[in-house]
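See structure below.
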Amino acid sequence: MVAVVTLVVVAALATGSQLAYAAAHRGPTSAASATATGTPTPTPSATAGNTGKVPSKAIADDATWTGTLTLNKRIALGIELDGAAAPQATSVEVDLIRKHFYEGTTCHRLADGQSFHFLQCGSANGDGTGDAGFEYGPLENVPADGQYPAGTIAIAREASPSSQTTQFFIVTGDTTLDPSSGGYTVVGKVTSGLDDLVSGVTSKGIADPGADGSGKPQVATEITGATIARQR
């Protein structure tokens, strides 16, 4: 009886650890590492539809939205969101910024490998877990060739195309992501301040990098401000 209970507890702990790892690694995987190891990237789930209260797609109004994203009170990124090419994702980001959701959250994941450069932000708990209580799809404005130029802002997700939520990543150097995994919604771009982000955060390195070379930034990075406005 004791042995059986012990095995059950160990199995439960192992499962919990796996779930935590998966949650903390929502987002891009390196196309290069997937090819090198022969391990395919996740196939997008056939599951469709949104869960929770997703902000209305109409918010974007097919417009261009501009604003700022401030990190650590000193790195000011100019941002531009494309409401015509990615109306659902833009609507979500505009709504979250208006509600000050991102302020006080951290950027928990940094990648700086070969053709694999980004800073991932936006989880409610600051460790890759937590969101605003909803997930959404579909994927929008996905590069067919898997090329994400420096400055791209894209939405992180798990395997399902409807698993997009509050997390996003900023591409800090030209990046290639495996298009066979379904790709990632490009919601906009950084228009200024990218050099400051690279010099102040990404160039400082990664603490305890994982198998794909990504991990927690050496420089703790917090979103300390965010603004957005529709361009007329």
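Report, by chain and number, residues whose modeled amide H sits under 5 Å from the one on G151, excluding near sequence neighbours (fewer than 5 apart, same chain).
Amide H neighbours of G151: V171, T172, G173.
Where a Cα-Cα gap under 23 Å defines reach, which lysines qualify for K57, not counting those fewer than 8 residues away within the same chain?
Those lysines meeting the cut-off are K99, K189.
Rounded to the nearest percent, how much of the accessible area of region 83-195 (1.4 Å probe, protein heavy atoms only) is carbon and sulfur?
Carbon plus sulfur share of accessible area: 47 percent.
Would you tell me the accessible area of H100, worked out with a 1.4 angstrom probe on the heavy atoms of the protein chains, in Å² to the nearest 10?
110
Between K216 and residues 5 or more places away or on another chain, which pairs have amide H atoms under 5 Å apart, with H built 1.01 Å from N, and which residues are they?
For K216, the qualifying residues are L110, A207.
So what's region 86-205 giving for Cα Rg divided by 2.2 N^0.38 Å, two decimals?
Compactness ratio reported: 1.00.
Pull out the extension gain between K99 and Q114, defined as 0.36 nm times the separation in residues minus the alpha carbon to alpha carbon distance; nm, one decimal.
1.8 nm
Go through region 146-159 residue by residue and turn each phi into a ³J(HN,Hα) via Karplus (6.51, -1.76, 1.60, θ = phi - 60°); whole Hz please, and just put x for glycine and proline.
x, 9, 10, x, 3, x, 5, 10, 10, 8, 6, 7, 9, 5
Give the calculated FRET efficiency between Q231 and S56 to the nearest 0.05, with a Förster radius of 22 Å applied to their Cβ-Cβ distance.
That pair, Q231 with S56, gives E of 0.70.
Please report the projected area of region 75-134's Cα convex hull averaged over all directions, in nm².
5.4
Sort L119, L194 from largest to smallest accessible area, using a 1.4 Å probe on the heavy atoms of the protein chains.
These residues rank, largest area first, as L194, L119.
Could you tell me the center-to-center distance, by alpha carbons, between region 85-151 and region 167-232 in angstrom?
For region 85-151 versus region 167-232, the Cα centre distance is 9 Å.
The values are calculated or read from the model by the stated rules, or taken from the named source; none is laboratory data. In this text, all values refer to a predicted model and were calculated from it rather than measured experimentally. Every residue, glycine among them, receives a Cβ derived from its backbone with ideal geometry; neighbour counts consider all protein chains shown. When the accessible area is computed, the model is the full protein with side chains, heavy atoms only, and any ligands, DNA or RNA have been set aside. Shrake-Rupley method; radii C 1.70, N 1.55, O 1.52, S 1.80 Å.
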